[in-house]
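Structure, as structure tokens:
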Amino acid sequence: MRTSASAFAPASVGNIGVGFDLLGHAVDGPRDVATVHRIDEPVVRIEAIHGTIAGVEQLPLEPARNTAGGALIALRQALALPFGFALTLDKGIPLGSGLGGSAASCVAALVAANALLDAPLPREALYGCALAGESISSGSRHGDNVAPMLLGGVALATATRALRLDAPDWLHAVVVHPDQMLETRRSRAVLAEPYPLHTVVEQTSHLAQFLLGLQRGDAALIRDGLHDVLVEPRRAPLIPGFAQVKEAALANGALGASISGGGPSVFAWFASKAEADAAAPAMRGAFVEAGFEARAYVTPVNAPRAEVLS
């Protein structure tokens, strides 16, 4: 029986523009790592949080206030485990980046803890515990970050199920993270006002085309569908430089571009890795010209899921 395990969880692009709180895809780039020890005491403890990212020292060590701690508490309760877990986190995903940093912590912790169970669970069975952990940070139960982290690639996240979706391997993304921080709760607050019905219908039309394009591997359908008329217009003013970065992406052949999760990171999809590689400097440069240092990641859309490291 194993008594300790380490696991990583990748960053992710939440929403993918047209799939607010429903869709996400994994990113082969920054990651969080969790090391979990099985302990006799029936509790969850967070022993330390490490990392060089800004603000890591402010993350709570109290398990019930930490996404990873909350996820492990949910796992213990769901399985009525007679033992507990001691957790150490190594944060690699910037806070408030729109790359799913809070979700990655709880997914990495769950994947590591799952390896310590007498009968490990399938990935889909960890989804509810991941939602419980993620809700501590975001204030709501949405799985568009945790689902792709658990399953890899593109995932559909409902209130009760996480499902991996087929996507062509030629799809690649550029994800640019500027030196900005935008709290999830603030980016969700701007969505509180009701939407006109015609806007909802237009967004639904785009989502249907986008999903069909994924299924068929049809770049034209993906391009026609990847237009967020619901969330992006309200969140874009919160991200200085967004319009210039999106324009740079489209000018360099992107199928579409929008805000990653709650922002401020920006993503764009391309029909090949070569196109993504060529566009990344221009997208990063647009943020730099707006006055913000930035880092660009080129990743397959079918990026790997969270896995046990040791």
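Which residues, counting only those in the stretch 38-54, are surrounded by fewer than 24 Cβ atoms within 10 Å (Cβ to Cβ) and in contact with a Lys or Arg (Cβ under 9 Å, 6 or more places away or on another chain)?
Within the stretch 38-54, ARG38, ILE39, PRO42, VAL43, ILE49, HIS50, GLY51, THR52, ILE53 meet the criteria.
Cβ-Cβ distance below 6 Å, separation of 6 or more or different chains: which pairs start in the stretch 129-155 with a residue that is farther than 15 Å from GLY24 by Cβ and end on one that is of a type outside the set (S, T, N, Q) and surrounded by 23 or more Cβ atoms within 10 Å (Cβ to Cβ)?
If the second residue must be of a type outside the set (S, T, N, Q) and surrounded by 23 or more Cβ atoms within 10 Å (Cβ to Cβ), the pairs left are CYS129/ALA71; CYS129/LEU75; CYS129/LEU110; ALA132/GLY70; GLY133/GLY70; GLY133/ALA71; GLY133/CYS106; ILE136/GLY70.
Could you tell me whether ARG188 is part of a helix (DSSP H, G or I), closer than 24 Å to ARG31 by Cα and not β-branched (Val, Ile, Thr)?
Against the criterion (part of a helix (DSSP H, G or I), closer than 24 Å to ARG31 by Cα and not β-branched (Val, Ile, Thr)), ARG188 qualifies.
Among what's in the stretch 212-232 and is in a helix (DSSP H, G or I) and out of contact with any helix residue (DSSP H, G or I) (no Cβ under 6 Å at 6 or more places or on another chain), pick the residue that is nearest to LEU250 (Cα to Cα).
My answer is ARG223.
Please find, among GLU275, GLU293, the residue that is in contact with a helix residue (DSSP H, G or I) (Cβ under 9 Å, 6 or more places away or on another chain) and among the charged types (D, E, K, R).
GLU293
When only residues in the stretch 79-130 that are among the hydroxyl-bearing types (Ser, Thr, Tyr) and part of a helix (DSSP H, G or I) count, which is farthest from the chain's Cα centre (by Cα)? Quick ask: steps written out before the conclusion?
Step one: list which residues in the stretch 79-130 are among the hydroxyl-bearing types (Ser, Thr, Tyr), which gives 88, 97, 102, 105, 127.
Okay, now just the ones that are also part of a helix (DSSP H, G or I), so 102, 105, 127.
Values: SER102: 9, SER105: 11, TYR127: 14 Å.
It comes out as TYR127.
Quick one: which residue in ALA236, ALA159 is free of Cβ contacts under 8 Å to residues at least 40 places away in the same chain, in the same structural domain as ALA147 (by TED's automatic domain parsing) and under 19 Å from the mean Cα position of the chain (by Cα)?
Only one candidate qualifies: ALA159.
Does ALA112 satisfy the condition of being among the hydrophobic types (A, V, I, L, M, F, W, C) and surrounded by 21 or more Cβ atoms within 10 Å (Cβ to Cβ)?
yes
Could you count how many residues in the stretch 246-258 are under 14 Å from GLY17 (Cα atoms) and in contact with an Asp or Glu (Cβ under 6 Å, 6 or more places away or on another chain)?
Looking only at that region, the number is 1.
Condition test on THR67, is it touching a Gly at 6+ places or on another chain (Cβ under 9 Å) and either modelled with pLDDT of 95 or more or assigned by TED's automatic domain parsing to the domain that holds SER260 (or both)?
On the way: touching a Gly at 6+ places or on another chain (Cβ under 9 Å): yes; either modelled with pLDDT of 95 or more or assigned by TED's automatic domain parsing to the domain that holds SER260 (or both): yes.
Spelling it out, THR67 is indeed touching a Gly at 6+ places or on another chain (Cβ under 9 Å) and either modelled with pLDDT of 95 or more or assigned by TED's automatic domain parsing to the domain that holds SER260 (or both).
Looking at MET181 and the list (1) outside the structural domain of PRO10 (by TED's automatic domain parsing); (2) crowded, with 20+ Cβ neighbours inside 10 Å; (3) touching a residue at least 60 places away in the same chain (Cβ under 8 Å), which single condition is not satisfied?
In the conditions (1) outside the structural domain of PRO10 (by TED's automatic domain parsing); (2) crowded, with 20+ Cβ neighbours inside 10 Å; (3) touching a residue at least 60 places away in the same chain (Cβ under 8 Å), MET181 misses (2) alone.
The values are calculated or read from the model by the stated rules, or taken from the named source; none is laboratory data. Keep in mind that what you see is a predicted model, and the values were worked out from it rather than measured. Using ideal geometry, Cβ is built from the backbone for each residue, glycine included, and neighbour counts are taken over all protein chains shown.
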